[in-house]
Amino acid sequence: MDTIALPKPDFGRDMTVQSALEKRKTVREISEKKLSTQALSNLLWSARGVNRKKGPFGVPGITAGSASNAQEIDLYVALEAGVYLYDPAHHLLALVAVGDFRVFALGEAQGKTGAKAPVRLIYVVDVDKFSKAGFQEPGLNTPETQKAYYYIDTGLIAGNVYLFAASQELAAWFHNCNKAELSKILKLRNDQHVLFGQTVGYPEKK
Ligand SMILES: Cc1cc2nc3c(=O)[nH]c(=O)nc-3n(C[C@H](O)[C@H](O)[C@H](O)COP(=O)(O)O)c2cc1C
């Protein structure tokens, strides 16, 4: 499947932000059970979906802030069938690589825990997007400041994912990954860098 159309996010399940904060934690023991397309839709929208048609500096707003609203962090999604790029404007997943590459999005250093988890997010910065931001403040062109910005912007998305997972009784785990292999698999340009992975699924029942 070249694209996976995602249903509209469903806000059906109520939990206060404070209750989700009370439950937020890293869960590494994750079962193989797949997420429904609806759950995937809800997850990705919560992570960095469009929540305002008119956001700052001439582009739509998303659920995670970014420096000058550059939205330079792309979310790739490793599923059993392949790796997809989340397109927030159209709320769909576009196929990037066919095959099960979830192991690389976890990285060998993490051991086998949660290796078969259904969804593994891959955080990739597209540095070129800083030059296209609607507000060109000087730091956007300085490598050191760019780095600070893109790691902070990653953390804001990852925090959304942790809170979403807590609110849905899903497991979430932020972690390192095999950057070199993923760069090849995703055919990234020189100004795109793999930063981190985050695994999501159902907690393993003990
Ligand atoms: C920048 C960063 C890198 C992390 N890298 C890893 C990792 O490579 N492997 C891992 O198992 N956990 C990793 N974690 C998860 C932390 O170990 C975890 O968040 C921390 O122990 C606190 O636990 P908690 O999330 O349950 O509060 C990382 C977390 C952050 C913020």
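The values are calculated or read from the model by the stated rules, or taken from the named source; none is laboratory data. Note that the structure is a prediction, hence the values are computed from the model and not measured. Note that we place each Cβ from the backbone using ideal geometry, even for glycine, and neighbour counts take in every protein chain shown.
Can you confirm whether Glu22 is within 16 Å of the ligand (Cβ to nearest atom) and either surrounded by 17 or more Cβ atoms within 10 Å (Cβ to Cβ) or within 20 Å of Gly201 (Cβ to Cβ) (or both)? No. For the stretch 178-196, check the following and say yes or no: at least one residue is farther than 26 Å from Ser19 by Cβ, of a type outside the set (A, V, I, L, M) and either at pLDDT below 95 or in contact with a Gly (Cβ under 8 Å, 6 or more places away or on another chain) (or both). There is at least one residue in the stretch 178-196 that is farther than 26 Å from Ser19 by Cβ, of a type outside the set (A, V, I, L, M) and either at pLDDT below 95 or in contact with a Gly (Cβ under 8 Å, 6 or more places away or on another chain) (or both).
Within 13 Å of the ligand (Cβ to nearest atom) and over 17 Å from the mean Cα position of the chain (by Cα) - does that describe any residue in the stretch 188-206? Among the residues of the stretch 188-206, at least one is within 13 Å of the ligand (Cβ to nearest atom) and over 17 Å from the mean Cα position of the chain (by Cα), which makes the answer yes. For the stretch 174-193, the condition of being under 22 Å from Pro9 (Cβ atoms) and of a type outside the set (S, T, N, Q) holds for at least one residue. Kindly evaluate Val83 against the criterion of being modelled with pLDDT of 95 or more, touching a helix residue (DSSP H, G or I) at 6+ places or on another chain (Cβ under 8 Å) and more than 24 Å from Asn51 (Cβ to Cβ). The answer is yes for Val83. I'm trying to understand the selection: among the residues of the stretch 158-176, which are within 12 Å of the ligand (Cβ to nearest atom) and either surrounded by fewer than 17 Cβ atoms within 10 Å (Cβ to Cβ) or over 12 Å from Thr26 (Cβ atoms) (or both)? Result: Gly159, Leu163, Asn176.
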